[in-house]
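Trainee: Structure in structure tokens, see below.
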Amino acid sequence: MTCEQAFNRYLSLDKYERVPLSVSVHLLFCPVCRTGVRQLNRAEILVAQPLSMQKSQEAVDPVLAQALERIMSAGLAYSLPDRTDTHVSMLRWVISGLALAFGFTLLPFTFMGSWSRDVFGSSFSVPFYILCGVAVTAYCGMFIGTNIDFFVKKFGMEDSRAA
Ligand SMILES: [Zn+2]
């Protein structure tokens, strides 16, 4: 993927749309495009600032607030639903990751673990540790896969700033 293709693909995205994996990978390895994306994000924040200020002034205006309230109470307008964020928070990822790690670490020391080891021997241990490895690998893969935006934005940007 060339810089132009990657950047055009990035620009074609809607707000809050997930960045495709190919673009994320390009951004990870291309400081030029990363800087461009960072500048776009900064510009967007700058442009949005006066808008949010205007909105808060409107809310303070009692006449307007009253008018809006009357419109709402007459059932002529729907209040905008909050943008539902389907993104899983980092804290939940950490908690579920720790639960997974503790589960696999503690299971061999529980009654069920020792019983299985005594009864089945290595035909229990070997598949168990393979399952551990597969589960942890799958977890890490999903974590990085679904949070690649985060890694690009947080860590990728810092690199380009230092360079
Ligand atoms: Zn590039």
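The values are calculated or read from the model by the stated rules, or taken from the named source; none is laboratory data. Note that the structure is predicted; figures quoted are calculated from it, not measured. Using ideal geometry, Cβ is built from the backbone for each residue, glycine included, and neighbour counts are taken over all protein chains shown.
Trainee: Conditions first: (1) within 14 Å of the ligand (Cβ to nearest atom); (2) at pLDDT 90 or above. LEU28 passes all but one, so which condition is the exception?
Mentor: Here LEU28 clears every test but (2).
Trainee: Considering the stretch 1-24 alone, what residues qualify as being touching a residue at least 12 places away in the same chain (Cβ under 8 Å) and within 16 Å of the chain's Cα centre (by Cα)?
Mentor: Matches in the stretch 1-24: TYR16, ARG18, VAL19, LEU21, VAL23, SER24.
Trainee: Residues in the stretch 89-124 that are within 35 Å of the chain's Cα centre (by Cα), surrounded by 12 or more Cβ atoms within 10 Å (Cβ to Cβ) and more than 30 Å from ASP149 (Cβ to Cβ): how many?
Mentor: Summing the residues that are within 35 Å of the chain's Cα centre (by Cα), surrounded by 12 or more Cβ atoms within 10 Å (Cβ to Cβ) and more than 30 Å from ASP149 (Cβ to Cβ) in the stretch 89-124 gives 2.
Trainee: Tell me yes or no: at least one residue of the stretch 114-123 is at pLDDT below 70 and among the aliphatic types (A, V, I, L, M).
Mentor: Within the stretch 114-123, none of the residues are at pLDDT below 70 and among the aliphatic types (A, V, I, L, M).
Trainee: From the set of residues in the stretch 1-11 that are under 14 Å from ASN41 (Cα atoms) and surrounded by 11 or more Cβ atoms within 10 Å (Cβ to Cβ), which is nearest to the ligand (Cβ to nearest atom)?
Mentor: Selected residue: PHE7.
Trainee: Still on this structure, I have one more. Of the conditions (1) surrounded by 11 or more Cβ atoms within 10 Å (Cβ to Cβ); (2) away from the ligand (no atom under 16 Å from the Cβ); (3) modelled with pLDDT of 80 or more, ASP14 fails just one. Which one is it?
Mentor: ASP14 satisfies every listed condition except (1).
Trainee: Got a number for residues in the stretch 32-43 being farther than 23 Å from GLY145 by Cβ and near the ligand (Cβ under 10 Å from one of its atoms)?
Mentor: 3
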